[in-house]
């Protein structure tokens, strides 16, 4: 896809986790669901809430708040699951991400996106694609392909997303 924000405006779906506003590139978002019935899967990491049935496909649902070191999401009337497409081992797979609420789709041009902040070697920021500048403040633009380490995606794929366990 190339570098984000190089010479063109891109669209992003914004959503809240606590007080922070995050964004995913709209091309990676497949749909947004009302909070569905989630089936727990034994022995999954704490950030994996379980799986949902998406028109016959088993899709793992992750709690980004837990993944980012925040308190687990509390279900509210605005809670939803964002279905995103992530790349792993050259293949695309679907993942559901819990969000406190979805905000809007925004256009951000190259001049509105700053590189991720450098916070020292102990803070991991490789999953942040950039910081979108808006009048209300910043939007943290996530690189959904990097939010999860390769071993985490392999574990999540084994919950039955349609990819064969052990595939590269």
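Side notes on the structure shown:
- Of all residues in the stretch 28-52, those satisfying the criterion of being at negative phi and free of Cβ contacts under 8 Å to residues at least 12 places away in the same chain are 40, 42.
- Boolean, residue 107 is loosely packed, with under 12 Cβ neighbours inside 10 Å, within 17 Å of residue 12 (Cβ to Cβ), in contact (Cβ under 8 Å) with a residue 24 or more places away in the chain and touching a strand residue (DSSP E or B) at 6+ places or on another chain (Cβ under 9 Å): yes
- Test: residue in the stretch 144-166 that is farther than 20 Å from residue 25 by Cα, out of contact with any strand residue (DSSP E or B) (no Cβ under 7 Å at 6 or more places or on another chain), at pLDDT 90 or above and surrounded by fewer than 13 Cβ atoms within 10 Å (Cβ to Cβ): no
- Test result for residue 74, within 15 Å of the chain's Cα centre (by Cα) and surrounded by fewer than 18 Cβ atoms within 10 Å (Cβ to Cβ): no
- Residue 58 vs. criteria surrounded by fewer than 17 Cβ atoms within 10 Å (Cβ to Cβ) and farther than 26 Å from residue 134 by Cα: yes
- Top-ranked residue in the stretch 14-46 [being touching a strand residue (DSSP E or B) at 6+ places or on another chain (Cβ under 7 Å) and assigned to a helix (DSSP H, G or I); ranked as farthest from residue 132 (Cα to Cα)]: 28
- Taking the stretch 112-137 as the range and being out of contact with any helix residue (DSSP H, G or I) (no Cβ under 8 Å at 6 or more places or on another chain), assigned to a loop (DSSP other than H, G, I, E, B), farther than 18 Å from residue 11 by Cβ and at pLDDT 75 or above as the test, the residues that pass are 115, 116, 117.
- Conditions (1) in contact (Cβ under 8 Å) with a residue 24 or more places away in the chain; (2) in a strand (DSSP E or B); (3) surrounded by fewer than 20 Cβ atoms within 10 Å (Cβ to Cβ): number failed by residue 98: (3)
The values are calculated or read from the model by the stated rules, or taken from the named source; none is laboratory data. For clarity, every value in this text was computed on a predicted model and none was experimentally measured. Cβ atoms come from the backbone with ideal geometry, glycine included; neighbour counts cover every protein chain shown.
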